[in-house]
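A short worksheet on the structure shown next.
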Amino acid sequence: MKRHKLYLTILLTLLATNFISAQSLKVDRITFAWKNMKNMVVNTARELPEEKWDFQINDKVLPFGEMIKHITTSTRFFTGSLAGRNSEFQSLNASTAKLKGKAEIIKDLEQAFDFAIESIKQVENWDQVIDAFGNKVSKLEFLLQSEHHLHREQGKVIVMMRMNGIAPAKSTSWFL
C-alpha cells in the first residue's frame, strides 16, 4: 500500500509538472507570436508617409491613421481584459484618441503591443470559460478572436498602403 501511495505521488507530481510546463510553453509561444505581430504591424505602419495618414478608402473604413489607433486600442482592450487590467487599458486608450502625428501614434502602437505581451504573461488558466460579448469562450479562444480582429484590421491597412503604391513591411515567421 505504501508503494502505491509513493507511485501515485510520483505520478501526480509528474502530471503537475507537465501541466505547468505546458502552460509555460503555451505562453512562451503566444508571446513569441505577438512579438512577431508587433514587428509586422509597427513596421508596416512606418512605411506609409505621414502625408498619407489621412487616406481613406471610403466612408465605411477608417482613415489610415485612425485605423492604426483602432488597432492600438483594440490590442490593449482584448489582452488587458484577459489579464484584468481594465482601468489601465481604459486610461491608456483614452490618451490614444488625442494623439496626432505619425511618430506619436506609432510610439503608442509599440507600447500597446508591449502592454499586450505583458498582459498575456499575466493570464492564468487559459481553459477557463469567460463571457465575451454574450458568448461563452475560453480565455484562449478570446485571445484567438483578438488575433483574428488584429489580422482583419491589418489587412485593411495593407490594402490602403497598396492603394498608395507602398508595400507593407515584410512578414516575420511564426516558427523561428
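The values are calculated or read from the model by the stated rules, or taken from the named source; none is laboratory data. What you see is a predicted model, and the numbers here were worked out from it, not measured in a lab. FYI the Cβ positions are ideal-geometry reconstructions off the backbone, even for glycines, and counts take in every protein chain you see. SASA here: full protein model, heavy atoms, side chains in, ligands and nucleic acids out. Shrake-Rupley method; radii C 1.70, N 1.55, O 1.52, S 1.80 Å.
Couple of notes before you dig in:
- One residue from 110, 153 being open to solvent by less than 70 Å² (accessible area, probe 1.4 Å), under 21 Å from residue 54 (Cβ atoms) and assigned to a helix (DSSP H, G or I): 153
- Test: residue 72 is within 11 Å of the chain's Cα centre (by Cα), closer than 22 Å to residue 162 by Cβ and touching a residue at least 12 places away in the same chain (Cβ under 8 Å): yes
- Subset of the stretch 40-60 that is among the β-branched types (Val, Ile, Thr) and open to solvent by less than 30 Å² (accessible area, probe 1.4 Å) - its residue that is nearest to residue 161 (Cα to Cα): 44
- Candidates are the residues of the stretch 68-104 that are among the aliphatic types (A, V, I, L, M) and open to solvent by 30 Å² or more (accessible area, probe 1.4 Å); the one that is farthest from residue 40 (Cα to Cα) is 94.
- Checklist (1) surrounded by 12 or more Cβ atoms within 10 Å (Cβ to Cβ); (2) assigned to a helix (DSSP H, G or I) applied to residue 126, failing item: (2)
- Tally of residues being closer than 17 Å to residue 26 by Cβ and under 13 Å from the mean Cα position of the chain (by Cα) across the stretch 79-122: 9
- Taking the criterion of being in a helix (DSSP H, G or I) and either open to solvent by 40 Å² or more (accessible area, probe 1.4 Å) or touching a residue at least 60 places away in the same chain (Cβ under 8 Å) (or both), the residues of the stretch 113-123 that qualify are 113, 114, 116, 117, 118, 120, 121, 122.
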